[in-house]
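This report refers to the structure that appears directly beneath it.
The values are calculated or read from the model by the stated rules, or taken from the named source; none is laboratory data. Predicted model only: the values in this text are computed from it and were never measured. Don't worry about glycine lacking a Cβ; one is built from the backbone with ideal geometry, like all the others, and counts go over all protein chains shown. The area values use the complete protein model at the heavy-atom level, side chains included, leaving out ligands, DNA and RNA. Shrake-Rupley method; radii C 1.70, N 1.55, O 1.52, S 1.80 Å.
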Amino acid sequence: MRLLRPLAWITFLLPFSLGFGLGVTSNSNIFHVIFAFIAFSAWMSFSFIVNTITDKDVDKFHNGRSKDMNLAFQPLVTGDITEKEALYLSILFFIASIFFAWLVNTLFFTLIIIVDIIGYIYSMPPTRLKAKPIGDILCNTVAGGVIFIAGLSIGGANMNPLVILGAFVMTSIFYIPTVVTDFEFDKKAGLKTSAVYFSPKKIIKAMYPLTIFLVVIGLIILLTENLELKLLALLVIIYTIPSVIIVNMNIKEEGLYIHENWLLIPFLLISLAFIIYGIFKILDLFTLLN
Ligand code: GPP
Ligand code: MG
């Protein structure tokens, strides 16, 4: 568990389950859903194992704050697992991710390969985009957006360009505070993340134009799309605006201190709500579609 970090997956479980809930219909195949969630877990396991391997030397300085776990206890730092064992496990999870994705559908399969590649170039040299300004935000935004489309593609409904654009903008908004909470630790470790490069205050300001952009997208959806998407747009606007205000009220020169549970718990609850919603739709217990 300290190698795979399932609690940290919650950040990507949210866009994935949102897509799943919106995309399924009463015609969706329940086995496709199960395989899709296995592929998702295998992709996350793969991405976090490579991250654990390449972050060994920075994780040992972690003080336990603002993370899913105290990274100084990750198993490569403590010596519970060797690098070779971790590498073999990562290959196994990579293969599992593409195998189960292949059982779902071609689009889903393609998208899982893309997020596997992002997970790899995010952590691994020579790219190691997590330690490059903009590179870190770009990887997480693209991975969040792509995993949302993958979720949608399981059932294939609501494949709407405006909704997809909104998902990309929303993941970039919510990713920004997470690089800023890592600021102190990343700076000490000598990592040039976006927050280290631009300063926390500056990078947090980027949330404002992105939020305005998201609200515009939400309003267009509210005016033009079906009832299901209208409700979603409303929820997104209601959730994002206070979140952005709270983050901006807590930002200081030296970083951002918001307890990790302020992100993980609401994200987990919303994810579970959308998973249950999707299951209800598959079982045809209700449908809001038109
Ligand atoms: C950890 O990054 C995050 C991941 C390994 C997931 C990234 C996956 C993608 C597909 C982009 P980190 O090393 O920056 O954070 P932490 O310090 O929590 O390990
Ligand atoms: Mg790491």
Which whole-angstrom value gives the distance between the alpha carbon centres of region 101-146 and region 11-73?
12 Å
Using a 1.4 Å probe and counting only protein heavy atoms, arrange ARG2, ARG128 so the residue with the most accessible area comes first.
ARG2, ARG128
Could you state the accessible area per residue of the chain in Å², with a 1.4 Å probe and every protein chain left in place?
47 Å²
Once normalised by the length of region 11-282, the mean sequence separation of its alpha carbon contacts under 8 Å that are 6 or more apart gives a contact order in percent of 28 percent
Taking a probe of 1.4 angstrom, what is the accessible area of HIS259 in Å², to the nearest 10?
100 Å²
Show that you can apply the helix-only estimate: for the chain, add -39,500 (n - 2.57) for every DSSP H stretch of four or more residues, divide by all residues, and state [θ] at 222 nm to the nearest 500.
-23500 deg cm²/dmol
So what's the net charge close to LYS67: Lys and Arg +1, Asp and Glu -1, counting the other residues with Cβ under 10 Å from its Cβ?
-2
Which listed pairs, of LYS130/LYS205; LYS201/LYS230; LYS84/LYS252; LYS67/LYS132; LYS84/LYS205, have C-alpha distances above 31 Å, in listed order:
LYS201/LYS230; LYS84/LYS252; LYS84/LYS205
At a probe radius of 1.4 Å, what is the per-residue accessible area of ASP186, in Å² to the nearest 10?
10 Å²
What's the FRET efficiency of ASN226 with ALA273 using the Cβ-Cβ distance as r and R₀ = 22 Å, to the nearest 0.05?
0.70
When every protein chain stays in place and a 1.4 Å probe is rolled, THR240, THR11, THR224 sorted by accessible area with the largest first are THR224, THR11, THR240
For a quick check of understanding: with a 1.4 angstrom probe and all protein chains in place, what accessible area in square angstrom does SER199 have, to the nearest ten?
40 Å²
Spin-label pair TYR239/PHE280, simplified geometry with 7 Å Cα→Cβ offset, distance in nm
1.5 nm
Heavy-atom accessible surface of the chain: percent carbon and sulfur, 1.4 Å:
73 percent
Of VAL196, VAL33, which has the most accessible area and how do the rest follow, probe 1.4 Å?
VAL196, VAL33
Residues other than GLY23 with Cβ under 15 Å of its Cβ, Lys/Arg counted +1 and Asp/Glu -1, net out at -1
